[in-house]
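The values are calculated or read from the model by the stated rules, or taken from the named source; none is laboratory data. The shown structure was predicted, so the numbers you read here are calculated from the model rather than taken from an experiment. With ideal geometry, Cβ positions are generated from the backbone for all residues, glycine too; neighbour counts draw on all protein chains shown. Ligands, DNA and RNA are excluded from the accessible area calculation, which covers all protein heavy atoms including side chains. Shrake-Rupley method; radii C 1.70, N 1.55, O 1.52, S 1.80 Å.
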Amino acid sequence: MPTLNNPPFPAALRLFSVVVIIVLIVGAGLFFAPVLVKPRWPWAVTPFNARFLGGFYTAEMAVMAALLVWNRWSPGRLVLVMAFIFTVIVSVASFINLGYFNFGRKAPWLWFLVYLASVAVSGLFLWRTRGRPSAKGVTLNPAWRGYMPVEAAFLGLYGVGLLLLPLTFSSFWPWPIDAFHAQVYSAIFLAGAGGTYLVWKSAPREELLVLGLAQFLVGLLAILGLVITDAVVHRIDWTATGTLCWLALFGWIGISGAFKLYTASGVFSPQSAS
């Protein structure tokens with residue numbers, strides 16, 4: 001994409017992205033090496049929560065890496081909007097549930113420092129660029145144009161439900177979820193809703209690719225983490241209605257992401273640019 005239509009990000013923002021990726025590597029450790037990372041996490045996490053969080057942080061790490069690779073307004077706009085939504089919601093949930101944190105340790109202080117800094121940096125940059133139009137996009141076919149607002153609405157409504165009525169909206173999950181974790185997980189759905197809405201309104205190829213990658217990894221790693229963890233603890237009733245609904249939910253997210261990746265690989269051509 002020409003630089004004129006898709007300018008690069010400031011060097012300071014790229015440096016901040018590197019710092020965030022380093023932090024996310026620690027979070028991804030909850031998926032790949034939970035025994036090592038769990039004792040150092042800011043609060044106590046159960047095996048299933050650890051792998052679920054680790055899977056999401058792995059997906060987020062891949063998205064931040066995409067920002068480093070392209071380092072331009074597209075897909076940076078999408079990444080920063082989703083990061084801002086996620087960090088704001090998680091910060092609010094953390095402040096509401098301060099009892100989960102032992103401030104006699106360093107980890108909780110670092111948690112709040114990283115998240116509040118992320119909110120400030122992404123929010124400030126988005127505010128300063130609020131008048132900048134999106135990069136030149138592609139024309140989505142009618143099926144995608146009709147589907148994406150439905151996806152954004154569903155993700156958004158479920159995210160709001162987890163945030164406001166956490167125990168009710170997480171009651172079908174395969175493992176027990178307390179209010180704090182449900183509210184933290186609401187940020188995943190709300191960030192996804194925000195990203196899907198942006199791509200629906202204007203779909204630069206890079207943003208469609210990044211959103212597809214994020215959703216594919218979230219769905220895949222959530223299900224894979226459940227399988228790996230249950231192979232050790234044997235707590236999941238795989239025939240329960242709630243479990244099947246949960247698998248359908250994250251399977252849908254992953255498949256939707258895969259289709260976005262496939263679509264992005266073929267839609268970007270001079271004839272499809274809008």
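Surface composition of segment 11-266: carbon plus sulfur atoms hold 74% of the accessible area, using a 1.4 angstrom probe and ignoring ligands, DNA and RNA. Extending 7 Å from Cα along the Cβ direction at residue 233 and again at residue 102 yields two label points whose distance is 1.9 nm.
Here the Gaussian network model covers the chain, with springs between Cα atoms less than 10 Å apart; of 166, 39, 75, 39 fluctuates the most. Measure nothing but the geometry: give the 0 to 90° angle between the long axis through the Cα atoms of 205-233 and the longest principal axis through the Cα atoms of the chain, rounded to 10°. Relative to the chain, helix 205-233 is tipped by roughly 20 degrees.
Apply the a/c threshold of 1.5 to the C-alpha gyration tensor of segment 51-185 and tell me whether it is rounded, prolate or oblate. Oblate.
About its Cα centre, the dipole of the chain is roughly 720 debye, where the only charges are +1 on Lys and Arg Cβ and -1 on Asp and Glu Cβ.
Once you have a ≥ b ≥ c as the square roots of the Cα gyration tensor eigenvalues for segment 180-274, tell me rounded if a/c is under 1.5, and otherwise prolate or oblate according to whether a/b is larger than b/c. In terms of gyration-tensor shape, prolate.
Going 7 Å from the Cα of residue 110 along its beta-carbon direction, which residues of segment 39-57 have the amide nitrogen within less than 12 Å of the resulting point? Answer for this model: 39-43.
With all protein chains kept in place, the per residue accessible area of segment 11-266 amounts to 45 square angstrom at a probe of 1.4 angstrom.
For segment 11-266, the alpha carbon positions stretch 48, 42, 31 Å along the principal axes, listed from largest to smallest. Just checking the listed ones, 129, 239, 229: in the Gaussian network model of the chain with Cα springs under 10 Å, the one fluctuating most is 239.
Note on the chain: GNM, Cα springs under 10 Å; of 92, 81, 218, the largest mean-square fluctuation is that of 92.
Scattering from segment 129-232 was approximated by placing one identical point on each alpha carbon and applying the Debye formula without solvent; log10 I(q)/I(0) at 0.11 1/Å stands at -0.43.
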